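Peer 1: The structure under discussion is supplied below as structure tokens; questions concerning it will follow.
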Amino acid sequence: MKPVVTIDQQIAELFNNNFGIASSWNWGNLLLCAIAVILSVALCGVIGFEREKRGRSAGLRTHLLVGVGSCIVMIISIYGFPAMFSGGEGSVGSRDVARLAAQVITGVGFLGAGAIIHFNGGIKGLTTASTIWLVMAIGLCCGSMNFILAIGGTLIVMIVLISFRKIERRISKTKPMFVVVVPNNVPVMNVLLEIGKEYDCGVEDIATQLIKNGDASQIEVVFKLAVEPGKSINLDNITKELQDKARALSVQVINNHK
């Protein structure tokens, strides 16, 4: 079977043959590693800049550090310890170049989990955690000299982050989320069912918890209104209904995109 020659191998061979330097050093591979690090900075920086622009907790610096770090670890995994594992005299055996990459995937998974928080009955930070994990994958691509895959993956990520945002907003319009605080003696469930019946919409994902406000006890209710596609609903009217019928102390609409 004909051995597979990757693009990075061809580039390294081209560099090595055209430097014209009589040396045992593989200058082409060294230059290729430098290109890998620079490319990881550029690609991961683009994703990090988008997160920074959106004001997310993990921004430009975090994405850059994760991407470049993953790239460096992958380069070490491929080119590190050449004398020990070269297969020549004094070598101790073969090695698995994917072993360090596997550890990076696990470690960055824990790092991404730190960006996820619970907020008013919902979860925030999932997209940022995903981009942290993705810049790790892009860094590994650069470090393994799969430049085309790294560039293509970055383009797909940017398309999802920018273009799909509009689609997500259109979908979320059909399910606005409410966070309502009412006195603890109000039959809030009956009020919600009444409002849903009046406006012909469903009440979904209801979560309640008892909260303390000084000596008084209050109930915080988080729920979504499922509106049929193409049907509009006046959220201001629903807010007024909650204030009148449930004596709501506060009403907040989380994903009311206009």
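The values are calculated or read from the model by the stated rules, or taken from the named source; none is laboratory data. Bear in mind the structure is a predicted one, so any value in this text is a computation, not a measurement. In this analysis, Cβ positions are derived from the backbone assuming ideal geometry, glycine residues included, and neighbour counts consider all displayed protein chains. Accessible surface areas use protein heavy atoms only, side chains included; no ligands, DNA or RNA. Shrake-Rupley method; radii C 1.70, N 1.55, O 1.52, S 1.80 Å.
Peer 1: Applying the Karplus parametrisation 6.51 cos²θ - 1.76 cosθ + 1.60 with θ = phi - 60° to the phi angles of segment 64-77, what ³J(HN,Hα) value in whole Hz is obtained for each residue in order, glycine and proline being reported as x?
Peer 2: For segment 64-77, the Karplus-derived couplings read 5, 5, 5, x, 5, x, 5, 4, 5, 4, 5, 5, 4, 5 Hz, x marking Gly and Pro.
Peer 1: Could you go through segment 44-56 in sequence order and give the Karplus-derived ³J(HN,Hα) for each residue, using 6.51 cos²θ - 1.76 cosθ + 1.60 with θ = phi - 60°, rounded to whole Hz, and x for Gly and Pro?
Peer 2: Here the 3J(HN,Hα) series is 5, x, 4, 5, x, 5, 5, 5, 5, 5, 7, x, 7 Hz.
Peer 1: For 79, 199, write out the residues from largest to smallest accessible area, computed with a 1.4 angstrom probe and no ligands counted.
Peer 2: Working: 79 80, 199 50 Å².
Descending order: 79, 199.
Peer 1: Label segment 126-228 by shape, choosing from rounded, prolate and oblate, from the square roots a ≥ b ≥ c of the eigenvalues of the Cα gyration tensor; if a/c is under 1.5 it is rounded, and otherwise prolate applies when a/b is larger than b/c, oblate when it is not.
Peer 2: On the way: a/c = 5.71, a/b = 2.29, b/c = 2.49.
Since a/c reaches 1.5 but b/c is at least a/b, the shape of segment 126-228 is classed as oblate.
Peer 1: Of the peptides 209-220, 128-139, how do they stack up when ordered by the mean number of other Cβ atoms within 10 Å, highest first? Can you show the working numbers first?
Peer 2: Numbers: 209-220: 11.2, 128-139: 24.0.
Result, highest mean first: 128-139, 209-220.
Peer 1: A 24 angstrom limit on the alpha carbon distance is what I want to check against. Which of 175/245; 53/224; 166/240 exceed it?
Peer 2: Exceeds cut-off: 53/224; 166/240.
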